[in-house]
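Report on one structure; see the data block that follows.
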Amino acid sequence: MRILVVGAGGREHALAYKLSQSPDVSKVIAAPGNGGTALCGENVAVSDTDVPGLVALARDRGVDMVVAGPEAPLVSGLRDAMESAGVACFGPDAYASGLEGSKAFAKEVMNAAGVPTAAHETFTDFRAAKAFIEKKGAPLVIKADGPGRRQGRDRGQNHGRSPGSPGGGHGPGCLRRGRRHGGGGRGAFRGGSLVPGLLRRHPGRAHDRLPGPQARL
């Protein structure tokens, strides 16, 4: 089999490494790949978000199966496009990928299915979100909605002029994270308006009991 691994991170290196060891795999191609995947196969300079380019690559190289590492290309319809082109793709379709690509969508699905999950609120209006923060109090976990937006969170213990809060010290577009006994929340602001996201409240602060630098991750 000829395998195309989509992505450029350590996860894709691990996938390419193990796939290259299979006796059933004759060729591993990584797009765009990295230094690690180059040791396991061939890197091709096609972005992992260029779905048409990835489909063309799979066709041109006679790829038998595509393995996607990051969620962004799957959310963009990589599996759907590959299946339309007659190429097998390991990964969910665009709709199901929304569970990973959109925290707001994932919350909606969990609530509709009766899956136990932390309470949350989703906002698209800055004033409404700010009012919610002021009503509930700090700290809150503010989270942007969308693929690859899990990183870059700040912590604060008050909702006044703290970093990343609406109108706070880090300016628009920043994410802010805080904890207290009883919960936190998520949402995101950019350019004076709220990026579609969510404010999620959850119990506990077990991370505060971790020793050393982990307690400040």
Please turn the phi angles of the stretch 68-84 into ³J(HN,Hα) values with the Karplus equation 6.51 cos²θ - 1.76 cosθ + 1.60 (θ = phi - 60°), one per residue in order, whole Hz, x for glycine and proline. 9, x, x, 7, 4, x, 5, 4, 7, x, 4, 4, 4, 5, 5, 5, 5
Distant-in-sequence amide H partners of HIS120 (H built 1.01 Å from N, under 5 Å): ARG201
Neighbour-count ranking for SER26, SER47, SER97 (other C-beta within 10 angstrom, fewest to most) reads SER26, SER47, SER97
Using the Karplus equation 6.51 cos²θ - 1.76 cosθ + 1.60 (θ = phi - 60°), what ³J(HN,Hα) coupling, rounded to whole Hz, does each residue of the stretch 10-23 give in order, writing x for Gly and Pro? x, 4, 5, 4, 4, 4, 5, 4, 6, 4, 5, 8, 6, x
Among all the aspartates and glutamates, which ones have a C-alpha under 15 Å from LYS143's C-alpha, if same-chain residues fewer than 8 places away are not counted? GLU100, GLU121, ASP125, ASP154
On the Cα set of the stretch 2-98, report Rg and Dmax in Å, please. 11.9, 34
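We did not get these values from a lab; they are worked out from the coordinates using the rules stated. Just so you know, these numbers come straight off a predicted model, no measurement behind them. Backbone-built Cβ (ideal geometry, glycine too); neighbour counts: all protein chains shown.
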